[in-house]
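See structure below.
The values are calculated or read from the model by the stated rules, or taken from the named source; none is laboratory data. Because the structure is predicted, anything quoted here is derived from the model rather than measured. Cβ placement follows ideal geometry from the backbone for every residue including glycine, while neighbour counts extend to all protein chains displayed. Ligands, DNA and RNA are excluded from the accessible area calculation, which covers all protein heavy atoms including side chains. Shrake-Rupley method; radii C 1.70, N 1.55, O 1.52, S 1.80 Å.
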Amino acid sequence: MLLFLYIVLLFHHLHTKVENTLCRIMGDPNYPLFSKDGDVTIGGIFAIHRKETLPSFEFTQKPQHLSCSRDFRLAQTMIFAIQEINRSESLLPNISIGYIIYDTCGSRLSTMTAIMGLMNGQDFGPGNICNGQSPLHAIIGESETSATVILSRTTGPFKIPVISHSSSCECLSNRKDYPSFFRTISSDYHQSRALASIVKHLGWSWVGAVNSDNDYGNNGMAIFLKTVQEEGICVEYSVKFYRTEPEKLKKVVDTIKKGTAKVIVAFVSFVEMGLLIEQLSIQNITGFQMIGVEPWITANTYFTPNSFHAMGGSLGFAVKKNNIEGFAEYAIKPFWGTAFPCSESEGNYSQYALSCSRYEELLALKNYNEDVTEHRYSSNVYKAVYAVAHSLHSLLKCKEQEGCEKGLTIQPQQVVEALKKINFAIKTGDHVWFDSTGGVVALYEVVNWQQDSDGSFQFKSVGYYDASLPTYQNLDLNIENIIWTGGQLEKPRSVCSESCPPGTRKAAQKGRPVCCYDCIPCAEGEISNETDSINCKVCPGEYWSNAEKNKCVLKAVEFLSFTEIMGIVLVFFSLFGVGITALVAILFYNKKDTPIVKANNSELSFLLLFSLTLCFLCSLTFIGRPTEWSCMLRHTAFGITFVLCISCVLGKTIVVLMAFKATLPGSNVMKWFGPAQQRLSVLAFTLIQVLICVLWLTISPPFPYKNMKYYKEKIILECSLGSTIGFWAVLSYISLLALLCFILAFLARTLPDKFNEAKFITFSMLIFCAVWITFIPAYVSSPGKFTVAVEIFAILASSFGLLFCIFAPKCHIILLKPEQNTKQHVMGKTASTSLALKAY
């Protein structure tokens, strides 16, 4: 119980002590660089000096101040705008604006110190008691994203509005995390997409990427990488470094040297870019087309003869340049007499300035204003000051004649809400308003690092990017005005693989980005008529690819023509067969009264010669371009003429058998198979084939057909059978007659030799059957026009077999052994033979 009472008394004592504690600054005070009192106060945080020397952090002694050494045009612009507003009779007419401006030297540590100094101030309440109120109504700054994030997160809980002139990171658009943040520069979301647009517009598909290892670089590069991936652009490497990491910088430079990409997108902050340019110049790394961003692309500091050797021709996006009327004159004279705290007159010393040593480097700029027109962020600071002024003008209920209500207490949260509603124009012609994310419309100028003929350097404007326009219109680029890296007038190429010409397709290389590919020729029958085609297109059925595989052309139509060698040979043998048959017929006609002709039944012999002539001629119908009529004619003519031919041979065979049967005593056979019966049998056998052909042509006749199965690259124009049953019925009937003829001739093979032609008929039928038996597999397996050639060959071979086997022996006797062409020789010596000859 006593212990509990002791603890309660101890806490009460401590609480009372805290309530009565006087406010005092811990450590040495950090005084602002520029300040002025006013009715309302605007804070400013700028990286006036750019380089810093970090103090020792060994914690063995009290940390020393950061030493840094320059650029304070932004602070000058802020002071110029405030003084301009204070003189205005229409804007905050009876209200004076004060300012407190801190220098951060581009250091995050200094940024925190400056934020604490701005929020706490140097003044305390009555009795040196902390009053808990911030002396500021708004803060303008910081220059870099990482520092701005620190600033916004620190001031956020106190609802103090922060307006940045150059912090463009998309991460700051998050209103949940940064509800009181505004900026007069557009978000890097648009700049990152603009970088992707220019890379695509210029036809580069293979790029390297370098970024600062901070919020600005990491967020901007992430958006860029996502966008280029959507656009089909490949990134060979993406590396980053921070200003205090020389080893990482060395690796970045080595990566650039080893890379094959000739275009480098540098999403790098101002300080880091200076370090990178220095290393590229020292190592004499040239030939790379740099694509830059607004923090460094128009930095005069880096535009030197030494750096131009490596960076000449750089292309990038810059903040739109607006000249502020009167600022150039103000920066060179009035500023030094009215706002600069350390001048020759002691009366102008700041009450916080313990010495003028911190201003010595700035005094070197007293008579220099050549960089004023190129300082593109000055107009953003100018807009930010006027935005705060218009917000206060609205909150203080200012009227032009009556002035403002000075008794009103303005809380920072009220300024935040007022900033969301402003919409005004400044004297540069620009309209100022903030969107739902606290940003402004993206409008960039595309600039190019160029050297004039007189050796001077300039940032040449070669286009613009307006995010408010449609995607296909937002980038306007005058390519003919661009000077590329190395002073070249021709745009550099940067691809992992050269474009695949028409006739080929892209095939991705395993394990590499999609922009790295091999060009594979299209397969036969496929084409690609575009550059960098992903797939080859299959040609339609009757088309085939040309030799270059970039166009579909009509397939070559193939058929057995009269003009090709094979057709000529077949025509020759066909006509040769007709000629031989005609000569035999003429010979037989001239010797028709001789015993050898009579003994061979001259009527059937002449009919057989006529049918053989038709067989030879019908083979010609198989040659030439198939038509509807030729397809029907070739098969029916073939079937009918061959049946006529076989019927004649069959008739002759039957006559031979009957003649020798008639020599037997009491036989009266010949009266049943005389000349009239022979003619009728030939006619009957032929009419059956005619009937089969008529049925075939009626039900499903042959027709021209484009066969694309055998060859992909050409069309075989052939005659489709229509009904295969009809075709094989015709062949089967011919085969049946030939088989019957062969059997009968085989039975008659033992008859007397001198005038017995049964053995010749037997041999001719053997040839005929052998030809057509081998025809079937050859016909089925032969492709295209060779199918027709096989059928013609079978027709000619069987026709020649019949012609030579039946008529050659008789022609031999007629021409070479006429002494045997006598009745006595043909009749022979036996009585039976004599009777047979009479009957025959």
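Could you give the C-alpha radius of gyration of region 373-413 expressed as a fraction of 2.2 N^0.38 Å, taking N as the number of residues it contains?
The value comes to 1.52.
If r is the Cβ-Cβ distance from His812 to Ile773 and R0 is 22 Å, what FRET efficiency results, to the nearest 0.05?
Details: r = 29 Å, r/R0 = 1.31.
It comes to 0.15.
Ranked by accessible surface with a 1.4 Å probe, highest first, in what order do Glu713, Glu142 come?
Output order, biggest surface exposure first: Glu713, Glu142.
What value in Å³ per residue do you get for the convex hull of the alpha-carbon atoms in region 565-827?
125 Å³
To the nearest 20 Debye, how big is the dipole of region 565-827 about its Cα centre, given +1 on the beta carbon of each Lys and Arg and -1 on that of each Asp and Glu?
Dipole magnitude for region 565-827 comes out near 220 debye.
How do 209-222, 321-334, 434-447 rank on mean C-beta neighbours within 10 Å, highest first?
Packing order, densest peptide first, comes out as 209-222, 434-447, 321-334.
What's the magnitude of the charge dipole for region 504-554 around its Cα centre, counting Lys and Arg as +1 and Asp and Glu as -1 at the beta-carbon? Answer in Debye, nearest 20.
Its charge dipole is roughly 240 debye.
Tell me, what are the semi-axes, in whole angstrom and largest first, of the equivalent ellipsoid of region 148-225 as set by the roots of 5 times the Cα gyration tensor eigenvalues?
Working from the Cα gyration tensor, I get semi-axes of 29, 12, 9 Å.
So what are the three principal axis dimensions of region 439-591 from its Cα atoms, in whole Å, longest to shortest?
The Cα atoms of region 439-591 stretch 117, 40, 34 Å along the principal axes, largest first.
Which whole-number percent of Cα pairs in region 527-589 have a distance greater than 13 Å?
The calculated P(r) of region 527-589 puts 74 percent of pairs beyond 13 Å.
Of Trp696, Trp433, Trp772, which has the most accessible area with a 1.4 Å probe, and how do the rest follow in descending order?
Largest accessible area first, the residues go Trp433, Trp772, Trp696.
If I take the Cα coordinates of region 520-628 and project them onto the principal axes, what are the three extents in Å, biggest first?
So the extents along the principal axes, rounded to whole Å, are 86, 24, 17.
In Å², what does the accessible area per residue of region 242-344 work out to with a 1.4 Å probe?
Value returned for region 242-344: 40 Å² of accessible area per residue.
Consider just the alpha-carbon atoms of region 504-554 and return their Rg together with their Dmax, both in angstrom.
In Å, with Rg to one decimal and Dmax whole: 12.1, 40.
His309: accessible area at probe 1.4 Å, nearest 10 Å²?
In the full protein context, His309 sits at about 120 Å².
Largest first, what is the accessible-area ranking of Arg87, Arg505 with a 1.4 Å probe?
Highest to lowest solvent-accessible surface, that is Arg87, Arg505.
Can you give the accessible area of Ile692, probe radius 1.4 Å, in Å² rounded to 10?
40 Å²
Cβ neighbours within 10 Å, averaged per peptide: list 528-541, 395-408 in order, most packed at the top.
528-541, 395-408
State which entries of Lys251/Lys320; Lys506/Lys712; Lys251/Lys506; Lys258/Lys510 exceed 30 angstrom in Cα-Cα distance in the structure shown. Walk me through the numbers on the way to the answer.
On the way: Lys251/Lys320 34 Å; Lys506/Lys712 24 Å; Lys251/Lys506 33 Å; Lys258/Lys510 21 Å.
Where the Cα-Cα span goes over 30 Å, the pairs concerned are Lys251/Lys320; Lys251/Lys506.
Count the net charge of all other residues whose Cβ sits under 13 Å from the Cβ of Ala418, scoring Lys and Arg as +1 and Asp and Glu as -1. Walk me through the intermediate numbers first.
Details: positive: Lys159, Lys397, Lys420, Lys421; negative: Glu417.
Once all neighbours under 13 Å are counted, the net charge is +3.
What's the carbon and sulfur percent of region 565-827's accessible surface, probe 1.4 angstrom, rounded to a whole number?
74 percent
What lysines does Lys706 reach when the alpha-carbon gap must be under 24 Å and sequence neighbours fewer than 8 apart in one chain are set aside?
Leaving aside lysines fewer than 8 places away in the same chain, those within reach of Lys706 are Lys537, Lys549, Lys551, Lys555, Lys714, Lys785.
So how exposed is Tyr377, as accessible area in Å² (1.4 Å probe, rounded to 10)?
30 Å²
Quick check for you: with a 1.4 Å probe and neighbouring chains kept, what is the accessible area per residue of region 504-554, in Å²?
Working: 3250 Å² over 51 residues.
Value for region 504-554: 64 Å² per residue.
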